[in-house]
Amino acid sequence: MVAARFARRPSRWLLGITAMVLTFLLAPISPARADTGIPVPSTSFNAKGAGSVSPADRDFVIKVRLAGLWEIPASNMAQEKSDDPAVVNIGKSIGAQHVLLDKLDLAVAKKLNIELPNQPNSDQQGWLGEMRAANSTTFDQIYVDRLRAAHGKIFPAIATIRATTRNDSVRQLAQQANQFVMTHMTLLESSGIVDYGALPTAAAPTTPGSGPVPVDGQMVAAAHSSTGGIPGVNTTVVLLVLAVALAAGVITTMRIFRTR
């Protein structure tokens, strides 16, 4: 009687553990939530300057330089003229980051023997003139809208260079510039005063739905979440196999206890 009671206790204990493990294995898996904060640019690359340099590559390196030539003084003005602490901090962040991006651009230009300008172009000088003439009441809107529009224009140009350049230093710079632009757009939009209605709209597709489907980060993440990160393996199947193996082990253990 006592032996049978002791035999039942391990069996019940094993059944309880089995139930908990099966519940854990078969529970729905929630993907990790993405960070919703402002992205931080990374500069950890090691390009060698290898590969041919196209006219588009050279133009891109020049445009990165031009961006810094007007956005740095514009952001300095934001720190001096704005009465909004949020805009002051935005100007401080964008200005400091453009100083860093400018150094990266100068290094690439030197390596590839690309001559860079030392003054903003006429459009950029006009925007800076607007900001100088603005008072503390009108400055914030001009600063945020001009910089947000400019970042929106350079964004697709960066993507084109990043996808097509043959030169690793230009590719590296495009990668870095993309991260900086994403950060700056997010910063500017955090002000809450971007006039989205004034931004240009994307051109309508000529043949909607045609052509290859682009593979983006969300698609890759979705594929990995359904396969556990292992291509060709379904997570549900893996969990079921583990559950069956665990159940078989429990049954074998129970038989051993009963024999004893």
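Any read-out appearing in this document is the output of simple, stated calculations on the displayed coordinates, not a laboratory observation. Small disclaimer: the values here were computed from a predicted structure and weren't measured. A quick note on method: Cβ atoms are made from the backbone with ideal geometry, for glycine too, and the neighbour counts reach across all protein chains shown.
What are the ³J(HN,Hα) couplings of the stretch 167-174, residue after residue, when phi is run through the Karplus curve with 6.51, -1.76, 1.60 and θ = phi - 60°? Round to Hz, x for glycine and proline.
3J(HN,Hα) across the stretch 167-174, in whole Hz: 9, 6, 5, 5, 4, 4, 5, 5.
What is the local net charge at Phe139, summed over the other residues whose Cβ is closer than 14 Å to its Cβ (Lys, Arg +1; Asp, Glu -1)?
Overall, the nearby charge balance is -3.
Return the aspartates and glutamates within reach of Lys103: Cα separation strictly under 19 angstrom, same-chain partners fewer than 8 residues apart disregarded; answer none if there are no such residues.
Partners within reach: Asp57, Asp59, Glu71, Glu115, Asp168.
What list of ³J(HN,Hα) values in whole Hz, one per residue of the stretch 58-75 in order, does the Karplus curve 6.51 cos²θ - 1.76 cosθ + 1.60 (θ = phi - 60°) give from phi, with Gly and Pro shown as x?
Those phi angles translate into 4, 4, 5, 4, 5, 5, 5, 4, 4, 4, x, 5, 10, 6, 5, x, 5, 6 Hz.
Tell me, what ³J(HN,Hα) does each residue in the stretch 144-156 have, in order and in whole Hz, if you take phi through Karplus 6.51 cos²θ - 1.76 cosθ + 1.60 with θ = phi - 60° and put x for Gly and Pro?
Working through the residues one at a time gives 5, 5, 5, 5, 5, 5, 5, 5, x, 6, 6, 4, x Hz.
What residues qualify as long-range amide H neighbours of Ile114, i.e. H under 5 Å apart, gap of 5 or more or another chain, H built at 1.01 Å from N?
Under 5 Å from the amide H of Ile114 lies no amide H from a residue far enough along the sequence or on another chain.
Kindly put Phe155, Phe139, Phe180 in sequence by how many other C-beta atoms sit within 10 Å of each C-beta, fewest to most.
Numbers: Phe155 14, Phe139 22, Phe180 25.
Exposure proxy ranking, most exposed first: Phe155, Phe139, Phe180.
Only Cα pairs under 8 Å and at least 6 apart count here; give the relative contact order of the stretch 55-194 as a rounded whole percent.
Over the stretch 55-194, the number comes to 31 percent.
Just to be sure I understand the curve: with the Debye formula and one point per C-alpha of the stretch 55-194, what is log10 I(q)/I(0) at q = 0.10, 0.17 Å⁻¹?
-0.32, -0.87
List the residues whose amide H sits under 5 Å from the amide H of Gly49, counting only those 5 or more places along or on another chain, with H placed 1.01 Å from N in the peptide plane.
Those lying under 5 Å, H to H, from Gly49 are Asp168, Ser169.
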